[in-house]
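Each remark here refers to the structure printed beneath this line.
FYI, it's all coordinate maths here, none of it is from the lab. None of the values given here were measured: they were computed from a predicted structure. Virtual Cβ from ideal backbone geometry, glycine too; neighbours counted across all protein chains shown.
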Amino acid sequence: MSGARLGRVLALAAASSLVLAACAGGGGGGGDAGGEVTSVKIGFMGDLTGENSAIVIPPRNGAKMAIDEYNAKSPKVKIELVPYDSQGKPDQATSLITKAVTQDKIVGLIGPAFSGESKAIGGQLEESKLPSVSPSATNPGLAQNGWTYWHRVVANDDDQGPGIAEFLVKAKAPKKAFVLSDDQEYSVGLADAVAKSFESAGVTVERDKFAKDASDYSSTVTKVAASKPDVIVFGGYYAQAGRLLKQLRDGGVTATFASGDGSLDQQLVTGAGAQAAEGAVLACPCNIPSADVTGPLKEFFDKYKASAGADPAIYATEGYDAATAFIKAVEAGNTTGEKINEYLKTISFEGVSKPIKFKANGEPENNAIFVYQVKGGVLKLLGPAEEAKLEG
Amino acid sequence: MLDDFLNQFLPSTVGGLVFGSIYALIALGYTMVYGVLRLINFAHSEIFMIGTFTSLVVITAIAPASPLTGFALFGVMLLIILLSAAISGGAAVLLELVAYRPLRKKGATRLTALISAIGASLFLQELFALVIIPWLTGKPGRNQQSAPRIVDRDTVFSIGNAAIRTDHIIVIVAAVIMMIALDRVVNRTKIGRGIRATAQDPEAAVLMGVSIDNIVRVTFLLGGAMAGVAGALYLMEFENTVFNVGFVLGIKAFTAAVLGGIGNLRGALLGGIVLGLIENWGAIFLGSEWKDVIAFTVLVVVLMFRPTGILGESLQKARA
């Protein structure tokens, strides 16, 4: 409780300092009055300092990188990136977006990073004719609100389950699959989707589920060992996935183990142990280049490492692509929210993560799922699910 | 259904015995403290957590390149068991000194002590998450921490389709040895007689020259040491721990203590094993997510017919 209150106080402090900055900015901008527009503001909204900031900082870095590169070319209209730290909370996003529209007068918003805050401010974006492109909000429902100013560059959760199942069917031609999950909403949803796709592909599916906080999975391991499946898919996060994978391997189960974006983290390998984790397959709507990639992704990898001082992490390429969409719109001479939104409707370019083009409801035309495999104890990008080939 | 049962019965039994042994070791601490003080020591789950982290630090420091065998394995297991028992026992004594003794001296009600126990539990969890774990491991305190492997998962022998592995044997044997040792201490030594006397009638025990403070301290020390051993075995078996690892395990172990008959040492042992087995057997038919439901249903049914638990008899009446 007090944490939330403190957060609100900090947000207020941040807000008031931004107001001052905005006023100062306004004063400076006054000199241009009557002349051409020489700069526009694009916002970035997400949890920048809270407990989930680890998945928001990389797209922020990606977006910043794209905009810095653009500004370095001394364009006619420069872009200023304004951060809005919503802490991932819908109530904070609501007040921040009001300020962004009325005081900062941003013309586009990268974000919000999470689905909850996206849902909370979608209506406001619509009313204030402010286009948004989220790098990481994956809730399927967001595209079903009839919003015309909302977009995202990442496939939604409904695409992930079928993506994993279809990939495994293609790569392993399994006859029998064991679909596991813990009892969290995300986990069960993903496991259900995977099981459904397996069944429609003619694969026999068996299921088991366990409590999120259980530490002994011996009964689950026994079931899997008795059924001798060709593949195992787990819906859930990396902490449980690591423990489960370790106990499965210890129990003599050698079938291919696959999971979704919740388990796509190096902590899966530390939790399971490098030996047990080896060969595990992870799928994610996100495209995270690993050190051994080639081509444009490699270029991105190097530039990101130089500017952010770390390897690209989750949603970094998507953040870059979201920013690039706005950059292209501004480059084409659009400096108001309405005009930028018109431009986004027709945009089509080769992004770092995937080709970027939007459907009428704001969903990306290309809803690729990317496949990763644990190789030598690290997560390695194999590529989009349609093209990726398992190793070993 | 029958086919599932036949295929899974023996392996599930092994899994249930292993985890049941860990429940039983933790349950001993709940049952002893309850027997002497009539207090549910809710912070006992954190004493167990401290045991897992002691072993984690020791194993990480040793960091064997490959799993150990023979004397090296015996030595390292003994080392982590003794160190975890010592640190957990010490922490339990400290806990009693800080969180319970002042209340007892002021003659506070049992409810007050219970609230103090819950507070101590949360305090210890957060202390570890915020300060001690980052300091010990250099990693964020709320992350799951992993330890290197010290025992290979070799199958020693098989019963039907159940593989009995080295690690299973270590857990069960170590747990049984510790429980026998504890039973001996309580039933055969002078200090054990003091514990039983205090459990029976604290005032009469004082009149007979028993130092209550001493007895309470020893009770916490022994119960804490058992939780420390459980922590060492847990870490060896599962190779990971987290600041709130004790929360669910603690509730289950407490359930085991009640199931067997709270205040009864042999009841805690029986309750732990029975709980572990029932959970795994039930999971064969209903799926692993029903484990908790099965466990607590059995608890309620047993208490309906035997309100004092399976063995019922308590520490105070244990044979002299």
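Charges on Cβ only, +1 for Lys and Arg, -1 for Asp and Glu, centred on the Cα centroid of the protein assembly as shown; of B:TYR30, A:LEU381, A:TYR315, which one is farthest towards the dipole's positive end?
Working it through, the farthest residue towards the positive pole turns out to be B:TYR30.
What are the extents of the Cα atoms of chain B along their three principal axes, in Å, largest first?
For chain B, the Cα extents along the three principal axes come out at 58, 49, 34 Å.
Tell me which of B:ALA204, B:LEU2, A:LEU264 sits at the most positive position along the dipole axis of the protein assembly as shown, charges placed on C-beta atoms (Lys, Arg +1; Asp, Glu -1).
B:ALA204
Using a simple charge model, +1 on the beta-carbon of Lys and Arg, -1 on the beta-carbon of Asp and Glu, nothing else, what dipole does region B:2-317 show about its Cα centre, in debye to the nearest 20?
That gives region B:2-317 a dipole magnitude of about 1060 debye.
Using Cα-Cα distances under 8 Å and only pairs 6 or more residues apart, what relative contact order does chain B have, in percent?
Value for chain B: 36 percent.
For B:LEU303 and A:ASP311, what is the calculated FRET efficiency with R₀ set at 41 Å and r taken between the beta-carbons, to the nearest 0.05?
Rounded to the nearest 0.05, the efficiency is 0.15.
Need the C-alpha centroid separation for region A:112-152 versus region B:80-129, integer Å.
Using only Cα atoms to place each centre, the spacing works out to 49 Å.
Compute the projected area of the convex hull of the Cα atoms of region A:234-335, averaged over all viewing directions, and report it in nm² to one decimal place.
8.4
What's the FRET efficiency of A:LYS176 with B:LYS106 using the Cβ-Cβ distance as r and R₀ = 51 Å, to the nearest 0.05?
Rounded to the nearest 0.05, the efficiency is 0.20.
What FRET efficiency, computed as 1/(1 + (r/R0)^6) with R0 = 30 Å and r the Cβ-Cβ distance, is obtained for A:TYR186 and A:GLU387, rounded to the nearest 0.05?
Computed FRET efficiency for A:TYR186 and A:GLU387 comes out at 0.65.
Looking at the protein assembly as shown only, what percent of DSSP beta bridges run antiparallel? Nearest 5 please.
Counting DSSP beta bridges with both partners in the protein assembly as shown, the antiparallel share is about 35 percent.
Direction-averaged shadow area of the convex hull around the Cα atoms of region B:257-307, nm²?
It is 3.2 nm².
Let me make sure I get this right: for chain A, a, b and c are the square roots of the gyration tensor eigenvalues over alpha carbons, sorted descending. Under 1.5 in a/c it's rounded, otherwise prolate if a/b > b/c, else oblate. Which is it?
prolate
In debye, nearest 20, what is the charge dipole magnitude of region B:1-130 about its Cα centre with +1 on Lys and Arg Cβ and -1 on Asp and Glu Cβ, if you could check?
800
For B:VAL245, B:VAL293, what's the fewest-to-most ordering of other Cβ within 10 Å of each Cβ?
So the residues, fewest neighbours to most, are B:VAL293, B:VAL245.
With the Cα gyration tensor of the protein assembly as shown giving a ≥ b ≥ c as the square roots of its eigenvalues, does the rule (a/c under 1.5 for rounded; else a/b larger than b/c for prolate; else oblate) give rounded, prolate or oblate?
prolate
Is the shape of region B:194-320 best called rounded, prolate or oblate, per the rule: a/c under 1.5 gives rounded, else a/b larger than b/c gives prolate, else oblate, with a ≥ b ≥ c the square roots of the Cα gyration tensor eigenvalues?
oblate
So what's the net charge close to A:GLU365: Lys and Arg +1, Asp and Glu -1, counting the other residues with Cβ under 10 Å from its Cβ?
+2
Among the listed pairs A:LYS212/A:LYS246; A:LYS359/A:LYS389; A:LYS78/A:LYS129; A:LYS175/A:LYS380; A:LYS175/A:LYS359; A:LYS172/A:LYS375, give every one whose C-alpha distance is greater than 24 Å.
Beyond 24 Å between Cα atoms: A:LYS359/A:LYS389; A:LYS175/A:LYS380; A:LYS175/A:LYS359.
Looking at the P(r) of region B:88-143, how many percent of alpha-carbon pairs lie beyond 13 Å?
Value for region B:88-143: 65 percent of Cα pairs lie more than 13 Å apart.
Once you place label points 7 Å from the Cα toward the Cβ at A:THR204 and B:VAL176, how far apart are they in nm?
About 3.8 nm separates the two model spin labels.
In whole Å, what is the distance between the alpha-carbon centres of region A:335-392 and region A:250-264?
Centre-to-centre distance over Cα atoms comes out at 25 Å.
Sequence gap at least 6, Cα distance under 8 Å: using those rules, report the relative contact order of chain A to the nearest whole percent.
18
Using only helices, what value at 222 nm comes out for the protein assembly as shown when you add -39,500 (n - 2.57) per DSSP H run of length 4 or more and divide by the total residues, to the nearest 500 deg cm²/dmol?
When only DSSP H runs of four or more count, the value is -18500 deg cm²/dmol.
Along the charge dipole of region B:2-317, Cβ charges K/R +1 and D/E -1, which of B:PHE305, B:ILE62, B:ALA117 sits furthest on the positive end?
Farthest towards the positive pole: B:ALA117.
Please compute the contact order of region A:104-203 in relative form: average sequence separation of alpha-carbon pairs under 8 Å and at least six residues apart, divided by the residue count, as a percent.
22
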